[in-house]
Amino acid sequence: MKFLDKVKVYVRSGDGGAGAVSFRREKFIEFGGPDGGDGGRGGDVFIEAVSGLNTLIDYRYQQHFRAKIGMHGMGRNRTGAKGDDVTLKVPVGTQVFAEDEETLLADLTDVGQVFRVAAGGNGGFGNWQFKSSVNQAPRRANPGLEGEELTIWLQLKLIADAGLVGLPNAGKSTFLASVTAARPKIADYPFTTLHPNLGVASVDGHEFVIADIPGLIEGAHEGVGIGDRFLGHVERTRVLLHLVSAVEEDVAHAYTTVRRELELYDAGLIEKPEIVALSQADTVDDETRRDKLDALAEVAGTKPMVLSAVTRHGLPDALRRLRREIEGLSADAAEEQEASDAKRFGAALSEEDWRR
């Protein structure tokens, strides 16, 4: 299934049915009076967030959605039937914008959340509604009101607990494939990842969702490379795992490049909790690794983790730190929780166990 995170859709709700002009015609009933029924209400257009979807690709091939009109009223005070509704099913995390692409109409963040984007028109009154003491036989009825029509934008922002950021070929997809069941494309050339990927990681009996977005390069906010169009998918995350490859000649520059692009996209992103890690650590010797760790620690202001997806070194600790930030646990609380989890789920896997 192809990934699509932004689409333009035209919707129109149904018109209301017209009221009827009718009179009772039964034999032996004198002065029967008006009995024209009201028109039915037009169908509404809803947008519903459902589980099991992570793309808007369905709306690439169908962009027009129209609800049914309401049925006209009939004699014997019969009201017309309501027009059928139309429901657009979208992934959780979809935002609904007006045609100007700036006015936010709805943000669907929970499964089952429904938003009525276009209301159907009311049905018109039948002639029985106009009967009065001075007009016993009204011969008028109202037409139904027109429905609403508008063009909207659907924009998906994947909901994940943790987000992976870094330059191209920093090892983000490899990390995701190593700690989850996701199978993103992995290759040794830039921009192998062309769209975000999601995976569910598990550590000490707890699960959380990780999002991997395409790599950022300098000038991404101006459209260089793939640009920053996918950064919206880490806006909802609670923590960022910033991977800097040990292959980089200047790890400090690699770190600051990504941080600058995050700030230029949205200042709120750099305020999120961040875990810095030197990835692909198995590709360099011990001395080079120490030098790059020192340089990265100096620019990041924190001690980086050391990760290797090949040997699985550091992966369990990285998942535990991510979980700690996601759940907002302090270091002491995290230790108590891990001890409790060890009793419930068995001892935590050692590095040797992970490598095997």
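The values are calculated or read from the model by the stated rules, or taken from the named source; none is laboratory data. Just so it is clear, the model here is predicted, and its values are computed rather than measured. Please note: Cβ atoms are built from the backbone with ideal geometry, for glycine as well, and neighbour counts cover all protein chains shown. Protein only, heavy atoms only, side chains kept; ligands, DNA and RNA dropped before computing areas. Shrake-Rupley method; radii C 1.70, N 1.55, O 1.52, S 1.80 Å.
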Notebook entry, point to check: When you scan the range 273-356 for helices (runs of 4 or more DSSP H) that lie fully inside it, which ones turn up with 3 or more residues that are farther than 20 Å from THR180 by Cα and either open to solvent by 50 Å² or more (accessible area, probe 1.4 Å) or modelled with pLDDT of 55 or more (or both)?
Noted result: 286-300, 331-345
Check: So, in the range 184-214, of the ones that are small (Gly, Ala, Ser) and open to solvent by 10 Å² or more (accessible area, probe 1.4 Å), which residue ends up modelled with the highest pLDDT?
Finding: SER202
Margin query: Could you go through the range 82-91 and let me know if any residue there is touching a Ser or Thr at 6+ places or on another chain (Cβ under 7 Å) and in a loop (DSSP other than H, G, I, E, B).
Written below: no
Check: Does GLY268 satisfy the condition of being without any contact (Cβ under 8 Å) to a residue 12 or more places away in the chain and of a type outside the set (D, E, K, R)?
Finding: no
Item checked: Subset of the range 25-78 [touching a residue at least 12 places away in the same chain (Cβ under 8 Å), open to solvent by 100 Å² or more (accessible area, probe 1.4 Å) and over 30 Å from VAL9 (Cβ atoms)] -> PHE31, ARG76, ARG78
Next item on the list: Using the structure shown, decide if VAL86 is more than 12 Å from the chain's Cα centre (by Cα), of a type in the set (Val, Ile, Thr) and within 27 Å of VAL50 (Cβ to Cβ).
Entry: yes
Check: Going by the conditions given, is ALA98 modelled with pLDDT of 95 or more, open to solvent by less than 20 Å² (accessible area, probe 1.4 Å) and not acidic (Asp, Glu)?
Finding: no
Note to self: Being closer than 17 Å to ALA162 by Cβ, open to solvent by 50 Å² or more (accessible area, probe 1.4 Å) and of a type in the set (Gly, Ala, Ser): is that true of GLY232 here?
What the structure shows: no
Note to self: Checking the condition touching a Phe, Trp or Tyr at 6+ places or on another chain (Cβ under 7 Å) and more than 30 Å from GLU26 (Cα to Cα), which residue from VAL86, VAL50 passes?
What the structure shows: VAL86
Item checked: Subset tally (residues that are open to solvent by less than 50 Å² (accessible area, probe 1.4 Å) and in a loop (DSSP other than H, G, I, E, B)) for the range 258-269 -> 1
Next item on the list: Select the strands (runs of 3 or more DSSP E) contained entirely in the range 101-183, then report the ones holding at least 2 residues which are surrounded by fewer than 23 Cβ atoms within 10 Å (Cβ to Cβ), on the phi < 0 side of the Ramachandran plot and not aliphatic (A, V, I, L, M).
Entry: 114-118, 149-156
Check: From GLY14, GLY43, GLY36, GLY52, which residue is closer than 26 Å to PHE230 by Cβ and in a loop (DSSP other than H, G, I, E, B)?
Finding: GLY52
Next item on the list: Working only within the range 229-257, note down all residues that are assigned to a helix (DSSP H, G or I), touching a residue at least 24 places away in the same chain (Cβ under 8 Å) and more than 16 Å from SER173 (Cβ to Cβ).
Entry: LEU231, GLY232, VAL251, ALA252, ALA254, TYR255, THR256, THR257
